[in-house]
Amino acid sequence: MAEEPQFKESTDHLETLAEDSGFGSISINNEVVANIVAMAAKEVTGVAGLASGGIKDDLAGLFGSRRESGSAVSISETGEGAYRIGVKLVLTFGVQLAKVAQNVQVAIREQVENMTNKEVARVDVIVDGVHRNAPSEGSIPSE
């Protein structure tokens, strides 16, 4: 049975992965992959953002040191070298949660495979919350 990705409070678990291109080694840090995951997820309609990593990340954000991916993204590798990705998201209130989550899985797989040239074995999406969009300026509030 495949081991599930673990969500940690720090990015210390992010390691550099090395590949041999025939001309020398190429390293892609897992933090880079985590940023690709975060950006791909945020582009999907219905995604309000990444889930907060908790009070530690919230406090760090006050001082400008919060990372894009934080602990909302987990990257590991299978024994065959494929990525196993986990992402915690906040979705927009009113969307079909499962459909948006599936769209996120597809978007992440396509972007990571395209940008890293490595296979993605699985993408686990955890819907960690829903968020109601604030009314836009000029809109008439409903009563």
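The values are calculated or read from the model by the stated rules, or taken from the named source; none is laboratory data. What you see is a predicted model; the values in this text were computed from it and never measured. With ideal geometry, Cβ positions are generated from the backbone for all residues, glycine too; neighbour counts draw on all protein chains shown.
Numerical summary
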{"quantity": "Top-ranked residue of the stretch 76-89 - restricted to ones that are aliphatic (A, V, I, L, M) and modelled with pLDDT of 95 or more, ranked as farthest from MET39 (Cα to Cα)", "calculated": "ILE85"}
{"quantity": "Residues within the stretch 92-114 that are of a type outside the set (Gly, Ala, Ser) and surrounded by 14 or more Cβ atoms within 10 Å (Cβ to Cβ), tallied", "calculated": "13"}
{"quantity": "Any hit, the stretch 15-37, residues being among the aliphatic types (A, V, I, L, M), out of contact with any strand residue (DSSP E or B) (no Cβ under 9 Å at 6 or more places or on another chain) and modelled with pLDDT under 65", "calculated": "no"}
{"quantity": "Options ASP57, ASP124: the member that is modelled with pLDDT of 95 or more, acidic (Asp, Glu) and not in a loop (DSSP other than H, G, I, E, B)", "calculated": "ASP124"}
{"quantity": "Qualifying residue in the stretch 135-142 (condition: loosely packed, with under 15 Cβ neighbours inside 10 Å and either assigned to a strand (DSSP E or B) or modelled with pLDDT of 95 or more (or both))", "calculated": "no"}
{"quantity": "Considering residues of the stretch 103-135 that are of a type outside the set (A, V, I, L, M, F, W, C) and free of Cβ contacts under 8 Å to residues at least 12 places away in the same chain only, the residue farthest from VAL37 (Cα to Cα)", "calculated": "PRO135"}
